[in-house]
Amino acid sequence: MKIELSPERAKNKEITIHQSGRINFHEIGRSIYVEPLTSIRKTAWIYRYRIPKISRLTSFDSEPDPEDAEFDLSDLPDDAQSFALFVAPEAVAPDARAIKLAYLKKYALVVVLEAPSYAPAAEFLEHFVTLKPEVGTIDAQAMTEDEAFIA
């Protein structure tokens, strides 16, 4: 397990997902691979975020755009919670509280509220924790970017 602590790390994380199945984690300069999105068959988690308490989240005080989705967390206890981001076939039906964004009847991005699956060491229980997979569902990019664009 690798633990990196830095007091001035940005809170925003940039992750890009290419049609070819390449997932780029820009903050660490690393990529993993899943099946091309136009033919994806397996659900793959690509990010998990553990928060120590709901009350530690920053309030969103702006008016949301009409097409924005939002989680209402008001019914949850003020305890540790986890959110996971998955890429999956469009037909996936999340079995938990989730927001599913389906694209082209081919694939979906799903944000799921889940029970915390990771318990950090005691000294980090009050910290926000992010988890990224070391590998994807496949070992290498399955098609070129041009092939993915055409598909």
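Rule-based calculations on the coordinates, nothing more; no lab input. The structure presented is a predicted model; accordingly, all values stated were derived computationally and were not measured. Note that each Cβ is placed from the backbone with ideal geometry, even for glycine, and that neighbours are counted across all protein chains shown.
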Q | Residue-by-residue Karplus 3J(HN,Hα) for the stretch 57-74, coefficients 6.51, -1.76, 1.60, Hz, glycine and proline x | A | 6, 7, 5, 9, 9, 8, 6, x, 5, x, 8, 6, 9, 9, 8, 8, 9, 5
Q. ³J(HN,Hα) across the stretch 40-45 via Karplus (A = 6.51, B = -1.76, C = 1.60, θ = phi - 60°), whole Hz, x for Gly/Pro?
A. 5, 10, 10, 6, 10, 7
**Q.** Viscosity 1.002 mPa s, 20 °C: Kirkwood-radius Stokes-Einstein D of the stretch 92-151 over Cα pairs, µm²/s
**A.** 140 µm²/s
Q. Dipole magnitude of the chain about its Cα centre, charges +1 at Lys/Arg Cβ and -1 at Asp/Glu Cβ only, in debye to the nearest 20?
A. 540 debye
Q.
I'd like the Karplus ³J(HN,Hα) series for the stretch 75-80: coefficients 6.51, -1.76, 1.60, θ = phi - 60°, whole numbers in Hz, and an x wherever there's a Gly or Pro.
A. 8, 8, x, 7, 10, 4
Q. With the chain treated as a Gaussian network of Cα nodes joined by springs under 10 Å, which of 77, 133, 64 yields the largest mean-square fluctuation?
A. 64
**Q.** For the stretch 41-94: rounded, prolate or oblate by the Cα gyration tensor [a/c cutoff 1.5]
**A.** oblate
Q) Residues with beta-carbon under 15 Å from that of residue 116, excluding residue 116: net charge, scoring Lys, Arg +1 and Asp, Glu -1? A) +1
Q: Identify, among 104, 23, 129, the residue whose Cα sits farthest towards the positive end of the charge dipole of the chain, taking +1 on the Cβ of Lys and Arg and -1 on the Cβ of Asp and Glu, with the dipole about the Cα centre.
A: 23
Q | For the chain, calculated [θ]222 nm from helices alone, where every DSSP H run of n ≥ 4 adds -39500 (n - 2.57) | A | -1000 deg cm²/dmol
Q: Specify the residue with the greatest mean-square fluctuation among 41, 56, 22, computed from a Gaussian network of the chain linking alpha-carbon atoms under 10 Å apart.
A: 56
Q: State the three equivalent ellipsoid semi-axes of the chain, derived from the C-alpha gyration tensor as the square roots of 5 times its eigenvalues, in descending order and whole Å.
A: 28, 20, 14
